Amino acid sequence: MMKVEIWSDVMCPFCYIGKRRFEEALAGFEGKEQIEIEWKSFQLNPDLKTNPNISINQYLADIKGWTLDHAEQMNDHVTQMAAQAGLTYNFSKSVVANSFNAHRLAHLAKKHGLGDAAEEALFRAYFTEGRNIDDTETLIEMGTAIGLNAEEIKQTLESNTYADDVKHDIAEAQYLGVRGVPFFVMNRKYAVSGAQDVAVFKDTIAKAFTGWQEENPKPAFDTIEGESCSPDGDCK
């Protein structure tokens, strides 16, 4: 399988848009069944304090020195971009929340082969549903909805489980020179930074896959034929 690694933060609006554009590009790719996707953690603001009592627009205005009107205009622009990708953003409902525990839940989900489902659920919770992605009960409910065990989620969140995994992903991103997310690495040979157009993803997937095939050619045998049965039941 050719691996595609995606560094993202749950509270990054362009990461959700990038996810949709990448998925659209991959859906039409002939070799998609031979591509494995691995989500990696990244935190845009690791020091952020969860605060359900402040709006995301006010938070952005405060940390960036913007006026509230400017923050609202910026989020309105991103909302329009999201709509073009088939997504519904409700920034007026978004809860200002640290994403570290959400990333730990995503690592638990990845262990069970549910990494992509977890990322989708977390993005939707933050941008569309206005849920607190740093709240334990909310994360338990979200995790069970995608097939995780409630008790395992609870034990994970009440301990430091997967904390080192999140930190390792972030350190790896720094080592690779990642300065922002989303960041897509394909076969460790090609990278796409940002929520690029679908055409960019299509082109990069194709180039990376061609290189991967050259590195991993199918075995060619000189076959001596004899009586055998095929999967369709034809025996001769």
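Residues are listed down the side, and each one gets a yes or a no for (1) in contact (Cβ under 8 Å) with a residue 12 or more places away in the chain; (2) more than 18 Å from Pro182 (Cβ to Cβ); (3) within 18 Å of the chain's Cα centre (by Cα):
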site	(1), (2), (3)
His112	yes, yes, yes
Asp116	yes, no, yes
Gly130	yes, yes, no
Gly143	yes, yes, yes
Asn149	no, yes, no
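Within region 28-59, the only residue that satisfies the criterion of being of a type in the set (Phe, Trp, Tyr), under 23 Å from Ala109 (Cα atoms) and in contact with a Lys or Arg (Cβ under 8 Å, 6 or more places away or on another chain) is Trp39.
Would you check which residues across region 182-193 are closer than 18 Å to Tyr16 by Cβ and open to solvent by 20 Å² or more (accessible area, probe 1.4 Å) and list them? Can you show your working first?
Our first condition is that a residue be closer than 18 Å to Tyr16 by Cβ; within region 182-193, this holds for 182-184, 192-193.
Scanning region 182-193 gives Phe183, Ser193.
Cβ-Cβ distances below 6 Å connect the following pairs, each with a first residue in region 167-181 that is within 20 Å of Arg104 (Cα to Cα), a second residue that is part of a helix (DSSP H, G or I), and a separation of six or more residues or different chains: Val181/Cys15.
Scanning region 113-153 for residues that are open to solvent by 50 Å² or more (accessible area, probe 1.4 Å) and either at positive phi or assigned to a loop (DSSP other than H, G, I, E, B) (or both) returns Gly113, Arg131, Asp135, Gly147, Asn149.
Is it the case that Lys202 is touching a strand residue (DSSP E or B) at 6+ places or on another chain (Cβ under 7 Å), within 26 Å of Met81 (Cβ to Cβ) and of a type in the set (D, E, K, R)? Judged against the criteria, Lys202 is not a match.
Residues that are closer than 12 Å to Ala195 by Cα and of a type in the set (Phe, Trp, Tyr) were ranked within region 8-37; the one that is surrounded by the most Cβ atoms within 10 Å (Cβ to Cβ) is Tyr16.
Within region 39-71, the set of residues being open to solvent by less than 70 Å² (accessible area, probe 1.4 Å) and β-branched (Val, Ile, Thr) comprises Thr50, Ile54, Ile56.
Among the numbered criteria (1) among the charged types (D, E, K, R); (2) over 16 Å from Gln196 (Cβ atoms); (3) without any contact (Cβ under 8 Å) to a residue 12 or more places away in the chain, which one does Glu72 miss? Tallying (1) among the charged types (D, E, K, R); (2) over 16 Å from Gln196 (Cβ atoms); (3) without any contact (Cβ under 8 Å) to a residue 12 or more places away in the chain, Glu72 fails exactly one: (3). Within region 154-179, being closer than 21 Å to Leu114 by Cβ and open to solvent by less than 90 Å² (accessible area, probe 1.4 Å) holds for Lys154, Thr156, Leu157, Ser159, Thr161, Tyr162, Ala163, Asp165, Val166, Asp169. Is region 203-224 home to any residue that is farther than 18 Å from Val4 by Cα, of a type in the set (Ser, Thr, Tyr) and surrounded by fewer than 15 Cβ atoms within 10 Å (Cβ to Cβ)? Yes, the conditions are met somewhere in region 203-224. Taking every residue in region 11-22 that is closer than 17 Å to Arg179 by Cα and pairing it with any residue that is in a helix (DSSP H, G or I) and of a type outside the set (Ser, Thr, Tyr), at least 6 positions away or on another chain, the pairs with Cβ-Cβ distances below 7 Å are Pro13/Val78; Pro13/Ala82; Pro13/Phe127.
Does Ile146 count as closer than 18 Å to Lys40 by Cβ and of a type in the set (A, V, I, L, M, F, W, C)?
On the way: closer than 18 Å to Lys40 by Cβ: no; of a type in the set (A, V, I, L, M, F, W, C): yes.
Considered against the rule, which asks whether it is closer than 18 Å to Lys40 by Cβ and of a type in the set (A, V, I, L, M, F, W, C), Ile146 comes out as no.
For region 90-112, residues that are surrounded by fewer than 22 Cβ atoms within 10 Å (Cβ to Cβ) and part of a loop (DSSP other than H, G, I, E, B) total 6.
The values are calculated or read from the model by the stated rules, or taken from the named source; none is laboratory data. Predicted model only: the values in this text are computed from it and were never measured. Every residue, glycine among them, receives a Cβ derived from its backbone with ideal geometry; neighbour counts consider all protein chains shown. SASA here: full protein model, heavy atoms, side chains in, ligands and nucleic acids out. Shrake-Rupley method; radii C 1.70, N 1.55, O 1.52, S 1.80 Å.
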